Amino acid sequence: MRKVYARVYEPNIASIRVLEKNGFELVGRMKKHSHIPGYGFVDELIFEKFREE
């Protein structure tokens with residue numbers, strides 16, 4: 001694999017931190033993309049990490 005990507009909801013701060021600590025970079029944001037009970041419509045963040053060569 002050349003790259004791996006992950007999608008996470010913006011309120012999930014713990015998962016965002018895990019991705020960042022493991023070298024993933026934020027590359028996109030889908031605004032108000034998904035509905036989560038208790039939060040309403042939230043942004044979905046897209047992270048990616050390329051294979052080190």
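With viscosity set to 1.002 mPa s at 20 °C, what whole-number translational diffusion coefficient in µm²/s follows for the chain from Stokes-Einstein and a Kirkwood radius over Cα pairs?
Values: Rh = 11.7 Å.
Stokes-Einstein gives a translational diffusion coefficient of 184 µm²/s.
Would you mind telling me the share, in percent, of accessible area of the chain contributed by carbon and sulfur at probe 1.4 angstrom?
52
Can you work out the accessible area per residue across the chain, with the rest of the protein chains kept in place, probe 1.4 Å, in square angstrom?
I get 81 Å² per residue for the chain.
Enumerate by residue number the trypsin sites (Lys or Arg not before Pro) in the chain meeting two conditions: DSSP loop (anything except H, G, I, E, B), and at most 10 other Cβ atoms within 10 Å of the site's Cβ.
Arg2, Arg51
The values are calculated or read from the model by the stated rules, or taken from the named source; none is laboratory data. No experiment lies behind these values; they were computed from the predicted model shown. Positions of Cβ are generated from backbone atoms using ideal geometry, with glycine treated the same way; all protein chains shown enter the neighbour counts. Only protein heavy atoms, including side chains, enter the accessible area calculation; ligands, DNA and RNA are left aside. Shrake-Rupley method; radii C 1.70, N 1.55, O 1.52, S 1.80 Å.
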